[in-house]
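Quick note: the coordinates plus some simple rules give every number you see, no bench work behind them. Here the structure is a predicted model, which means the values were calculated and not measured. Cβ placement follows ideal geometry from the backbone for every residue including glycine, while neighbour counts extend to all protein chains displayed.
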Amino acid sequence: MSDSPPSPRFCPQCATPLREVTLDEDGGAKARLRCTACGWTHWNNPTPVLAAVIEYRGQVLLARNAAWTGRQFALITGFMEAGETAEQGIAREIREETNLETQSLDLLGVWSFERMNQIIIAYHAVADGEIRLSPELVEYKLFDLDRVKCWPAGTGQALAQWLRSRGHEPEFTEFRR
């Protein structure tokens, strides 16, 4: 099952219905959605997503998204805006979603999240200020490093890597929305 956005049905240039067409590309034959009228191709490239393991006064801040029905807490995430670097983007997302100011950022790594057709660019952020959540989030929790639990996919791998770098072997739980 895929949670990625649905593929387009019509060409954005000429409105012709798209069809799956196999053509030879640099890596060999590849089937993609293509416009048979003007030649436009839907590349279906993964979307870059920014994520932050936020260290707030010695604890890890996790938040619960308002759209989730469960009680799962996760990292702060968001999308880059045109014209900003990944570092500027995650600092902006932290400020917009939590009201916190980022004091420092360190790249943790890059992970594929194939189910959502995303590439996760994750940072460790030290942040401070008064926490005020955006309407996108309904609740946050602060966890001591030895009490925070990771989830097996997506941003959970970034949290696990950061915990290991701090000398804590991560404990995993299922992520349920």
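Order by neighbour count: Leu137, Leu108, fewest other Cβ atoms within 10 Å first, most last. Don't jump to the answer; show the numbers that get you there.
Working: Leu137 19, Leu108 23.
The most exposed by this proxy come first: Leu137, Leu108.
Sort His168, His124 so that the residue with the fewest other Cβ atoms within 10 Å of its own Cβ comes first and the one with the most comes last. Show your work: numbers first, answer last.
Numbers: His168 15, His124 20.
Listed from fewest to most nearby Cβ atoms, that is His168, His124.
Rounded if a/c is under 1.5, else prolate if a/b beats b/c, else oblate: with a ≥ b ≥ c from the C-alpha gyration tensor eigenvalues square-rooted, which is region 12-91?
On the way: a/c = 2.98, a/b = 2.49, b/c = 1.20.
Prolate shape, in that a/c is at least 1.5 and a/b is the bigger ratio.
Whole Å is fine, so just give me how far the alpha carbon centre of region 99-151 lies from that of region 11-84.
Spelled out, the Cα-based centre of one part sits 19 Å from the other.
How would you rank Trp162, Trp151, going from fewest to most other Cβ atoms within 10 Å of each one's own Cβ? Walk me through the intermediate numbers first.
Details: Trp162 24, Trp151 20.
Going from sparsest to densest Cβ surroundings: Trp151, Trp162.
I'd like the antiparallel share, as a percent to the nearest 5, of DSSP beta bridges with both residues in region 29-177. Can you show the working numbers first?
Details: 27 of 39 bridges.
Restricted to region 29-177, the bridges split so that about 70 percent are antiparallel.
On C-alpha positions alone, give me the angle between the axis of helix 156-165 and the longest principal axis of the chain, in degrees, nearest 10.
Tilt relative to the chain: about 40 degrees.
Just in region 10-63: which chymotrypsin sites (Phe, Trp or Tyr not before Pro) are loop by DSSP and have at most 11 other Cβ atoms within 10 Å? It would help to have the intermediate numbers written out before the result.
Details: sites: Phe10, Trp40, Trp43, Tyr56; in loops: Trp40, Trp43.
The qualifying sites are Trp43.
What value, in deg cm²/dmol to 500, does the helix sum -39500 (n - 2.57) over DSSP H runs of n ≥ 4 give at 222 nm once divided by the residues of the chain?
Numbers: 2 runs with 23 residues, N = 177.
So the helix-based figure for the chain works out to -4000 deg cm²/dmol.
Starting from the coordinates of the alpha-carbon atoms of the chain, obtain the Kirkwood hydrodynamic radius over all distinct pairs and give the value in Å to one decimal. Spell out each step's value before the answer.
On the way: mean 1/r = 0.0554 Å⁻¹.
Hydrodynamic radius (Kirkwood, Cα only) of the chain equals 18.1 Å.
Which of the GluC sites (Glu not before Pro) found in region 30-101 are in a DSSP loop and have at most 13 neighbouring Cβ atoms, other than their own, within 10 Å? Kindly include the intermediate steps, with their values, before the conclusion.
Numbers: sites: Glu55, Glu81, Glu84, Glu87, Glu93, Glu96, Glu97, Glu101; in loops: Glu81, Glu84.
Here the GluC sites (Glu not before Pro) that fit, given the DSSP loop and packing criteria, are Glu81, Glu84.
Could you tell me whether region 82-177 comes out rounded, prolate or oblate from its Cα gyration tensor? Rule is a ≥ b ≥ c as square roots of the eigenvalues, rounded for a/c under 1.5, then prolate if a/b exceeds b/c, otherwise oblate. Present the calculation step by step, with values, prior to reporting the outcome.
Numbers: a/c = 1.39, a/b = 1.19, b/c = 1.16.
Rounded, since a/c falls under 1.5.
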